[in-house]
Amino acid sequence: MGAMTTNELHQYLTFKLGEEIFALDIARVREVLEYTTVTALPRSPEFVRGVINLRGSVVPVVDLRLAFGMTRTEQTVSTCVIIVEMEVEGETVVMGAMADSVQEVIELDPGLIEPAPKIGVKLCNRFIKGMGKHNGEFIIILDSDMVFSEEEAALVQAAGTEDQEASSPTA
């Protein structure tokens with residue numbers, strides 16, 4: 001019996017952006033917050049909505065809809081910020097990801113997750129870990145470390161760092 005024969009289920013937090021259902025590995029999700037005031041940062045990319053204060057830490061918040069080429073996330077009673085961890089150049093970065101709504105935590109058998117579709121060279125699917133199916137619906141499973149290119153991830157990381165430096169007292 002080989003090491004790959006285990007059918008261990010993986011847990012994912014599902015959320016909606018528009019009509020599409022996305023998922024993140026629950027191990028990368030720290031918490032889900034109700035939408036709160038986001039402090040905008042000047043000269044930041046459009047998908048970086050700003051920063052929030054999370055128990056004394058400055059956390060950059062990105063609009064996943066804008067990052068994925070969709071329309072800007074509008075604030076509703078269901079809008080939330082998913083606090084996730086991602087690796088940027090070997091360092092763990094905490095960021096907030098805006099979502100239209102959070103659905104549920106689901107378990108999926110890794111054997112039932114299809115690879116990301118390959119539709120020519122124009123489709124950028126580096127951030128899609130795979131496609132799952134749950135209750136008859138497709139779920140786009142994201143790779144939290146690959147949602148942003150290295151350059152974009154560095155901008156997100158810098159957004160949190162610059163605001164912390166700006167808010168610290170100077171001598």
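Derivation of every value follows stated rules applied to the coordinates shown; laboratory data play no part. Quick caveat, the model's predicted, so the values are computed rather than measured. Here the Cβ is made from the backbone with ideal geometry for all residues, glycine too, and neighbour counts use every protein chain on show.
Near the amide H of His134, within less than 5 Å, lie the amide hydrogens of Ile139, all on another chain or at least 5 residues away, with H placed in the peptide plane. In this structure the amide hydrogen of Val147, modeled in the peptide plane, comes within under 5 Å of no amide hydrogen from residues 5 or more places off or on another chain. For Lys16 and Arg55, FRET efficiency with R0 = 41 Å and r from the beta-carbon atoms, rounded to 0.05? Working from the Cβ atoms, E equals 0.95. Sequentially through segment 58-70, phi angles give Karplus couplings (6.51, -1.76, 1.60; θ = phi - 60°) of 8, 10, x, 10, 10, 9, 4, 4, 5, 4, 9, x, 9 Hz, Gly and Pro residues having no value and appearing as x. Residues Lys129, Lys16, Lys118 in ascending order of nearby Cβ atoms (within 10 Å, fewest first): Lys118, Lys16, Lys129.
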